1. Within the range 52-70, work out how many residues are surrounded by 16 or more Cβ atoms within 10 Å (Cβ to Cβ), over 14 Å from LYS2 (Cα atoms) and among the hydrophobic types (A, V, I, L, M, F, W, C).
2. What residue, of SER69, SER73, is without any contact (Cβ under 8 Å) to a residue 12 or more places away in the chain, more than 26 Å from SER13 (Cβ to Cβ) and in a helix (DSSP H, G or I)?
3. Here are some conditions: (1) out of contact with any strand residue (DSSP E or B) (no Cβ under 7 Å at 6 or more places or on another chain); (2) surrounded by 15 or more Cβ atoms within 10 Å (Cβ to Cβ). SER13 meets all but one. Which one does it not meet?
4. Scanning the range 12-33 for residues that are in a strand (DSSP E or B) and in contact with a Lys or Arg (Cβ under 9 Å, 6 or more places away or on another chain), which turns out farthest from GLY82 (Cα to Cα)?
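Every number here is computed from the coordinates shown, using simple stated rules; none is lab data. Model, not experiment: these values are computed from the prediction. All Cβ positions, even for glycine, are placed from backbone atoms using ideal geometry, and neighbour counts span all protein chains on display.
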Amino acid sequence: MKLKEGFVTYEVSGEHFTVPVGDQSFSGLIKSNKTAAFVIEMLKNDTTAEEITKALYEKYDAPEEMIRSDVDSIINKLREIGAIDE
């Protein structure tokens, strides 16, 4: 899976944003926390939820089940707005 072309990310003063450009069904602004921003950055390249979970597990000291749940939640929200190419 990958972040759909037409969604642009940027960071301003430590805050992470994703916005749709062009002809997207979603029109709005996504403000992300650090975990969601990490997931979205990984989705700029073709990846899997398992690879994202593993990368977050290596980066943060948190239970793997919690990380997996967070990754699934973020990916599902991105799917709902049409931001993921499967």
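1. Total satisfying the criteria: 3.
2. Checking each option against the conditions leaves just SER69.
3. (2)
4. Checking each candidate, the answer is GLU15.
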